[in-house]
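The values are calculated or read from the model by the stated rules, or taken from the named source; none is laboratory data. Model, not experiment: these values are computed from the prediction. All Cβ positions, glycine included, derive from the backbone under ideal geometry; neighbour counts span all protein chains shown.
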Amino acid sequence: MNGVQITSLSIGLILAATIIYLLRRDHLHGPYALWWLSMAVVTALVGAFPGAIDWIANALDIGYPPALAFVLAIALMLVKMLTMDIERTRQELLLRRLAQRLAMLDEEIKERNRGE
Amino acid sequence: MSKPIHSYTLMRDQLAIVIPARNEAPTVAAVVARVRAASAAQVIVVNDSSTDDTAAQARSAGATVLTLPVQLGAWGATQTGLRFAIRHGARAVLTMDADGQHHADAIATLLATQETTQADLVIGSAPERLSRPKRIARLYFRLIAGLEVRDFTSGFRLYSARAARLLCFRHATLFDYQDLGVLMLLKNYGLRVVEAKVSMSERNHGMSRVFSSWAHVARYMLLTTLVCMARAGRARRPA
């Protein structure tokens with residue numbers, strides 16, 4: 001095992017361990033947990049076998065293998081950010097509807113109490 | 001004799017008047033009092049998480065007050081009032097601002113216009129009052145959205161039950177402003193919008209939140225252009 005491999009393996013394992021720790025502490029749930037668990041596995045694997053990137057890049061005729069890693073990472077981040085904003089929009093809608101409903105029910109309960 | 005469980009039965013098949021208000025304590029009581037003097041309709045003040053005593057002022061003037069737990073903005077507050085009015089069977093819903101710029105005696109003008117035109121939305125408009133940026137915005141929106149409404153930002157409006165019901169749904173909840181999104185939604189469903197000329201006062205205090213600075217205007221134009229892009233050409237079957 002050479003120096004590069006030790007560095008990449010430790011980065012991969014630290015990331016994976018952090019994610020699994022957060023999962024176990026219920027800081028990530030449902031679909032997010034699944035996504036981040038996959039990311040933990042991927043970072044650990046890439047960390048353990050950095051040569052895999054070179055091998056895939058060669059198979060795809062990519063002259064500069066690190067470019068493949070960067071492009072894939074950026075693409076995944078963009079997808080993740082997009083789905084985050086979609087989710088945020090859904091939650092904003094939910095929050096607004098709930099706030100409106102709360103305002104209506106609150107007044108109805110008060111009015112009922114006034115009527116008694 | 002048993003009292004009805006709540007006084008909202010007064011709203012059934014009647015007009016309801018919705019006044020969204022955020023920190024309008026200096027004016028809201030007078031506005032509610034003038035409206036109540038001019039109309040027998042139930043007045044609903046939607047208190048958009050005010051930090052002053054808007055709610056108490058409105059209640060003391062005889063309004064039903066709905067208090068939002070988080071600030072939803074003018075349209076979010078207005079939609080709350082529409083939902084409440086429709087939920088209790090209102091026949092039509094009139095909205096007006098809490099700062100006193102809309103006159104209670106013009107309510108009759110809007111009602112008469114709806115009577116004669118049978119439009120689903122009557123906008124009380126004072127186009128001569130439009131500022132320069134608003135005029136430019138209006139031309140621009142007419143170009144990209146095909147909307148003929150002149151005073152598109154006016155919050156003095158009379159909605160039919162059909163229009164109000166349509167605007168209660170979730171798809172109208174994420175609008176950030178009450179103007180273009182609402183107008184395009186109604187247009188897409190084939191509802192008729194007309195304008196009635198009314199006189200309006202200068203705002204008693206405060207100023208237009210949207211057209212207060214160029215940064216705001218830019219933000220508003222961008223967001224509203226997005227709304228137009230999202231809604232343009234999405235004709236629906238009449239609701």
Checklist entry - If you check A:GLU92, A:GLU87, which single one turns out to be within 26 Å of B:PHE169 (Cβ to Cβ), more than 17 Å from the chain's Cα centre (by Cα) and surrounded by fewer than 14 Cβ atoms within 10 Å (Cβ to Cβ)? => result A:GLU92
Checklist entry - Of the residues B:ASP52, B:ASP13, which single one is more than 12 Å from chain A (Cβ to nearest Cβ), more than 28 Å from B:LEU174 (Cβ to Cβ) and acidic (Asp, Glu)? => result B:ASP13
Item to check | Residue identified as surrounded by fewer than 20 Cβ atoms within 10 Å (Cβ to Cβ) and of a type in the set (A, V, I, L, M, F, W, C) among B:ALA33, B:ALA21, B:ALA29, B:ALA92 | outcome: B:ALA33
Checklist entry - For the range B:153-167, does any single residue satisfy the condition of being more than 20 Å from B:SER131 (Cβ to Cβ), within 14 Å of chain A (Cβ to nearest Cβ) and not small (Gly, Ala, Ser)? => result yes
Checklist entry - What number of residues within the range B:118-147 satisfy the criterion of being exposed (fewer than 13 other Cβ atoms within 10 Å of the Cβ) and modelled with pLDDT of 90 or more? => result 1
Checklist entry - Out of (1) in a helix (DSSP H, G or I); (2) without any contact (Cβ under 8 Å) to a residue 24 or more places away in the chain; (3) facing another protein chain (nearest Cβ under 9 Å), the odd one out for B:LEU66 is which? => result (1)
Next on the checklist: Please verify whether B:THR78 is among the hydroxyl-bearing types (Ser, Thr, Tyr), assigned to a helix (DSSP H, G or I), in contact (Cβ under 8 Å) with a residue 40 or more places away in the chain and within 19 Å of B:MET200 (Cα to Cα), treating the condition exactly as stated.
Outcome noted: no
Item to check | Enumerated helices (runs of 4 or more DSSP H) restricted to chain A, each holding at least 3 residues that are within 14 Å of chain B (Cβ to nearest Cβ) | outcome: A:65-115
Checklist entry - B:VAL35: touching a residue at least 12 places away in the same chain (Cβ under 8 Å), under 18 Å from the mean Cα position of the chain (by Cα) and in a strand (DSSP E or B), yes or no? => result no
Checklist entry - Of A:ALA99, A:ALA73, which residue is small (Gly, Ala, Ser) and modelled with pLDDT of 95 or more? => result A:ALA99
Checklist entry - Inside the range B:155-181, can you point out the residues that are modelled with pLDDT under 90 and surrounded by 21 or more Cβ atoms within 10 Å (Cβ to Cβ)? => result B:PHE175, B:GLN178, B:ASP179, B:LEU180, B:GLY181
Item to check | Matching entry among A:ALA16, A:ALA59 (being small (Gly, Ala, Ser) and surrounded by 13 or more Cβ atoms within 10 Å (Cβ to Cβ)) | outcome: A:ALA16
